[in-house]
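The values are calculated or read from the model by the stated rules, or taken from the named source; none is laboratory data. Fair warning: this is a prediction, and the values are worked out from it, not measured in the lab. Positions of Cβ are generated from backbone atoms using ideal geometry, with glycine treated the same way; all protein chains shown enter the neighbour counts. For the accessible areas, the whole protein counts, side chains as well, though only heavy atoms, and no ligand, DNA or RNA atoms are used. Shrake-Rupley method; radii C 1.70, N 1.55, O 1.52, S 1.80 Å.
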Amino acid sequence: MTDIKNPFRPTRFEHEQHPLIWISPDVQKLEALKSAYVAGTRGSGKTSLLKAVNWRERLYNPTVQDQLGSSAPDYVAVYFRLPDYLASAIGLIDWSAAFPQSPSPEAVGHTLFSQLIEFVAAQLLCEALASLRASGRFKYSFEQEEAMVRGLLSRYPALRVDQPESCCGIDDLSVVFRDAHQRLNVLMTRGLVGQALDHALPTQPGVFVNDLASSLRELACAAEGVCSTDFHVKICIDDCETLMPLQQRFLNTMVRNSKHPLFWVISYVSVEYDSTNTIQHNQTLSDADRAQLHLDEIDGKHFYRLCENVSLLRIYYSDVVSPRPALHDLPRNYFRLRDLLGSLNVNEVLLQAAKPSLSAEFVNLVERSRQSASGSRRQAPPIYETYVLEKLGERLRDDREDNFGAYMRRKQIAALLAIFSEFRLSRVPYVGARTIINMGDTCIRDYLEIMGAVFEQAVARDEISGLADLQRRSEPLSADTQLEGVRISSRAKYDGIRNNFERDGAEAERAMEFIGKLTAKLQSNHASTSTLSSPERGNFHFDLDALGRGITANAEKRAFILRLLRRCEADGLLRPARQGLVGDAHDEQDLTFHLHRRFAPYFGFSHRGPYGVLQMPMEEFSEVCDAASDIQVDDAVARAYTRIMRETSDEHPRLL
């Protein structure tokens, strides 16, 4: 078999030699004259979004240039990830002990933290301006550059430590900032914070970098016609969830006090960053200070577009063999997910399942559906509709009557799961473009992992012999190939749970197994009419108060479960239940989740939804999460299912 490059791998931005960046509509939100906070679980596309505005990618990345052309943006944006030492060493400093005589030790900590961030950003800004000047983006003269540098050093003479008087260019200035940052870093990580303070600039936090941004803007715009009136500077910082809570408030304070032309873009894992509080009394960040972008709350339509465009770029730039037109000249059918993966028609799937079925009862169901639809133009008989109506005691009606068509479509996946369960058919077919995108669950990395596994199966089965076979397809990949790929990907996500946890890995694995099996039982138990009358239930609210208060053991248990849930959310194992619902406010304190839909093939629940919210039986869940408990997960699931059914027994099936 020919070795064919898998265009869907690697799935981490940091692992790509030449990152492929799709310029999504969200990029415009970061380009505005306002600071922005970008939140999302790991793998949701935060880094790609920040990199899309970075000057280096705009200047050198061909995937960005092919989409945007050669026009320069009205800003210069630098990007960096927070250094590990900020949290691991400096974040543990006891500022009150380090500066016992200070009336505000916290303010001293803010000063030193700010200086480190400012020096890193200052070095990168100088490097950016020098490179953009060399590329012809800016037209300022060397005399203008020298005057700007000397003026800045005269305002901040402390920067001249160990620097010769000949320092007069932007490149020289970047070295000054690099040395200043390294000096502070060494002193603070060694615990010499008192000496570090002696090397700090005598300014309020954030003032220096704002001053530098203004000076650089003035220099960049020195030549007439080079800049618009909106030209500004952006500092993009990634992985801000690694900061300690106090450091997060330090950074928020810098953002709040920032002034034009400097704006910040702060990226972090949703549940691990305080995006509101500052260290200033009664001063918090509001929407007036910064825009907020929650990548986990993207709706289905936009996520489909994201997946399709990212796939197209990966296929286009991976294929170095076939002659290809310019990106903007690609035909509309160059790559479409629907052409590659097809669509899932539940009744057609059930009709195919009837051919090898040994179940006489299922064959009879198919025959009854044929009879009920005699004279209909349908290609496949209404099998799932017949099943639903027989179970719920309703009659088949015209799809155009009232909301009957929508009512039945809402129940089609629940019916599919119940039919496969009741008649013991073969594996549930998790296939089709919409199905696979749903299993990505608004996380682009999960989508790429699924597609990578499907691609490998297609190559192994000789359905794909080269990347050209992904382009302009006339028929989709076979259902067997897609299903095997998604099953392998689903199992891989589950197998990776324990490996991704430094601690509590076994407990997290059991907790996800419990939620997955409970979800599958709620959605596929054919013995209960609630499976169809209340389809695809799987959102769970975790009420920690249900564990009881006033008992030390329970307080510790609540703290542990909260930590476990938040970690599973951050790692993309659990998804916020209200994500993507228009009009729902983002509530970072809410503990309502569903299991990531990439687990659907592994546990056997729906790739859609889920719908509604159920109270998680906390007694059973806490037992499963207890490393000392000998309870079996299957036993806990059975008890939890019984409890849920008893507590929701007053729900009756009804037509919409």
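Quick notes on this one:
- Selected from Phe8, Ala130, Gly342, residue furthest toward positive end of dipole (the chain; charges at beta carbon): Gly342
- The residue among Ser465, Ala288, Phe208 whose Cα reaches farthest toward the positive pole of the charge dipole of the chain, with charges on the beta-carbon of Lys, Arg, Asp and Glu, is Ser465.
- Acute angle (nearest 10 degrees) that the helix 105-134 long axis makes with the longest principal axis of the chain, alpha-carbon atoms: 90 degrees
- C-alpha long axis of helix 404-422 to longest principal axis of the chain, angle in °: 80 degrees
- The residues of the chain have, on average, 45 Å² of accessible surface per residue, using a 1.4 Å probe with all protein chains present.
- Short-range pairs are left out: with C-alpha atoms under 8 Å and at least six residues apart, the relative contact order of the chain is 16 percent.
- The portion of the accessible surface of segment 151-229 made up by carbon and sulfur, rounded to a whole percent, is 49 (1.4 Å probe; DNA, RNA and ligands excluded).
- Axis angle, to the nearest 10 degrees, between helix 505-524 and the longest C-alpha principal axis of the chain: 40 degrees.
- Net charge over other residues, Cβ less than 9 angstrom from the Cβ of Leu532 (K, R count +1; D, E count -1): +2
- If you wrap the tightest convex hull around every Cα atom of the chain and split its volume per residue, you get 202 Å³.
- Calculated translational diffusion coefficient of segment 1-86 (10 °C, 1.306 mPa s; Stokes-Einstein with Kirkwood radius over alpha-carbon pairs) equals 109 µm²/s.
- Each Lys and Arg contributes +1 and each Asp and Glu -1, all at the Cβ; summed about the Cα centre of segment 1-102, the dipole is approximately 140 debye.
- For segment 92-227, the orientation-averaged shadow of the C-alpha convex hull comes to 8.6 nm² (one quarter of the hull surface).
- Segment 108-202, dipole about Cα centre (Lys/Arg Cβ +1, Asp/Glu Cβ -1), debye to the nearest 20: 220 debye
- Cα centroid of segment 167-212 to Cα centroid of segment 321-336, whole Å: 49 Å
- Mean Cβ count within 10 Å, highest first, over the residues of peptides 244-256, 274-286: 244-256, 274-286
- The percentage of C-alpha pairs in segment 152-284 whose separation is greater than 24 Å is 42%.
- Sequentially through segment 339-353, phi angles give Karplus couplings (6.51, -1.76, 1.60; θ = phi - 60°) of 5, 7, 10, x, 9, 9, 10, 4, 5, 5, 4, 5, 5, 5, 5 Hz, Gly and Pro residues having no value and appearing as x.
- For Asp66 and Leu392, the difference between the fully extended length at 0.36 nm per residue and the C-alpha to C-alpha distance is 111.8 nm.
- For Trp264, residues with placed amide H under 5 Å, excluding near neighbours: Ser35, Ala36, Ile235
- Shown are Asp441, Asp172, whose ranking by accessible area with a 1.4 Å probe and every protein chain present, most to least, is Asp172, Asp441.
- Assigned charges on the beta-carbon of Lys, Arg, Asp, Glu; the chain dipole about Cα centre (debye): 1460 debye
- Annotation: the antiparallel percentage among DSSP beta bridges lying fully within the chain is about 20.
- Straightening the chain between Leu192 and Ala134 buys 16.9 nm, computed as 0.36 nm per residue apart minus the Cα-Cα spacing.
- Accessible-area composition of segment 361-512, carbon plus sulfur, in percent [1.4 Å probe]: 39 percent
- Cα centroids of segment 462-524 and segment 228-305: 33 Å apart.
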